[in-house]
Amino acid sequence: MKFKGIIFDLDGVLCSTDEYHYLAWKALADAIGADGFSREDNKLQRGVSRMESLEVVLKRCAKQYSDVEKLALAERKNEIYKSMLGNMSEKDLSEEVYSTLLALRERGLKLAVGSSSKNTPLILEKLGLGSFFDAVADGNCVMRSKPHPDVFLLAAEYLKLSPEDCLVVEDATAGVEAGVAGGFAVAGVGEARGYGKTNYPLGTFSDILKI
Ligand code: BG6
Ligand code: MG
């Protein structure tokens with residue numbers, strides 16, 4: 001592999017929390033009468049910040065909300081989401097993901113997380129990865145979320161590597177856009193696998209080892 005570092009997205013790449021995000025937004029949408037909210041809408045929420053994700057739900061609502069009310073709605077969703085994370089543990093880290101991370105580390109690569117989520121520290125802790133990565137950049141560290149490249153650029157800076165020396169691994173199109181905008185090569189799983197700007201489509205997570 002020509003890269004010196006790998007920056008992983010969290011939700012939908014290292015773990016399957018993307019489904020909990022959807023279910024929590026769906027619960028909020030149902031509670032406030034945003035009836036049309038669907039899995040298609042949820043695709044637009046992948047990779048972007050909590051407040052931008054809320055706007056996707058509110059497009060399905062006739063009512064106009066003030067900024068204070070929006071903050072309260074986002075907090076309400078986050079409480080639902082965190083209660084869904086309640087039982088999460090090291091068992092939710094797949095064997096494939098963990099063994100691939102170990103193999104990459106053995107090859108001398110620096111490993112980082114680059115996620116829009118403010119819950120990143122909590123989730124990494126639950127997965128038993130609280131002190132695993134060489135660097136973690138997340139939604140608590142940047143003002144602009146993906147598709148802006150900020151969180152990946154910060155992760156690369158923490159690793160003391162330039163973007164061209166790092167591979168970004170993403171599941172969301174907004175994340176692929178962020179990687180490309182930052183000058184990174186991008187490997188894609190899930191939806192990002194078939195996205196035109198993805199440099200390395202991955203059949204499965206461990207295919208990173210074949211790059
Ligand atoms: C991203 C998810 O990782 O984090 C988005 O793909 C989510 O769907 C964003 O909106 C923010 O997450 P959180 O945990 O800060 O609400
Ligand atoms: Mg993701």
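The values are calculated or read from the model by the stated rules, or taken from the named source; none is laboratory data. This structure is a prediction, so every number in the text was calculated from the model and none was measured. Positions of Cβ are generated from backbone atoms using ideal geometry, with glycine treated the same way; all protein chains shown enter the neighbour counts. The area values use the complete protein model at the heavy-atom level, side chains included, leaving out ligands, DNA and RNA. Shrake-Rupley method; radii C 1.70, N 1.55, O 1.52, S 1.80 Å.
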Worksheet item: Of the residues LYS126, LYS146, LYS110, which is away from ligand 1 (no atom under 16 Å from the Cβ), among the charged types (D, E, K, R), crowded, with 17+ Cβ neighbours inside 10 Å and on the phi < 0 side of the Ramachandran plot?
Response: LYS110
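Starting from residues that are touching a strand residue (DSSP E or B) at 6+ places or on another chain (Cβ under 8 Å) and more than 15 Å from ligand 1 (Cβ to nearest atom), keep the ones in the stretch 129-143 and report whichever is least open to solvent (accessible area, probe 1.4 Å). Lay out the reasoning, then the answer.
So in the stretch 129-143, the residues touching a strand residue (DSSP E or B) at 6+ places or on another chain (Cβ under 8 Å) come out as 132-138.
Of the ones still in play, those that are also more than 15 Å from ligand 1 (Cβ to nearest atom) are 132-135.
Working: PHE132: 30, PHE133: 25, ASP134: 83, ALA135: 9 Å².
Result: ALA135.
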Item to complete: Scan the stretch 36-45 for residues that are within 12 Å of ligand 2 (Cβ to nearest atom) and out of contact with any Phe, Trp or Tyr (no Cβ under 9 Å at 6 or more places or on another chain) and jot them down.
Response: LYS43
Worksheet item: If you go through the stretch 24-47, how many residues are open to solvent by 30 Å² or more (accessible area, probe 1.4 Å) and either in a loop (DSSP other than H, G, I, E, B) or under 23 Å from GLY188 (Cα atoms) (or both)?
Response: 9
Discussion item. Show the residue pairs meeting these rules: Cβ distance below 7 Å; 6+ apart or different chains; first residue within the stretch 144-173 and away from ligand 2 (no atom under 16 Å from the Cβ) and modelled with pLDDT of 95 or more; second residue assigned to a strand (DSSP E or B) and of a type in the set (Val, Ile, Thr).
Written reply: ALA156/ILE7; CYS166/ILE6; CYS166/ILE7
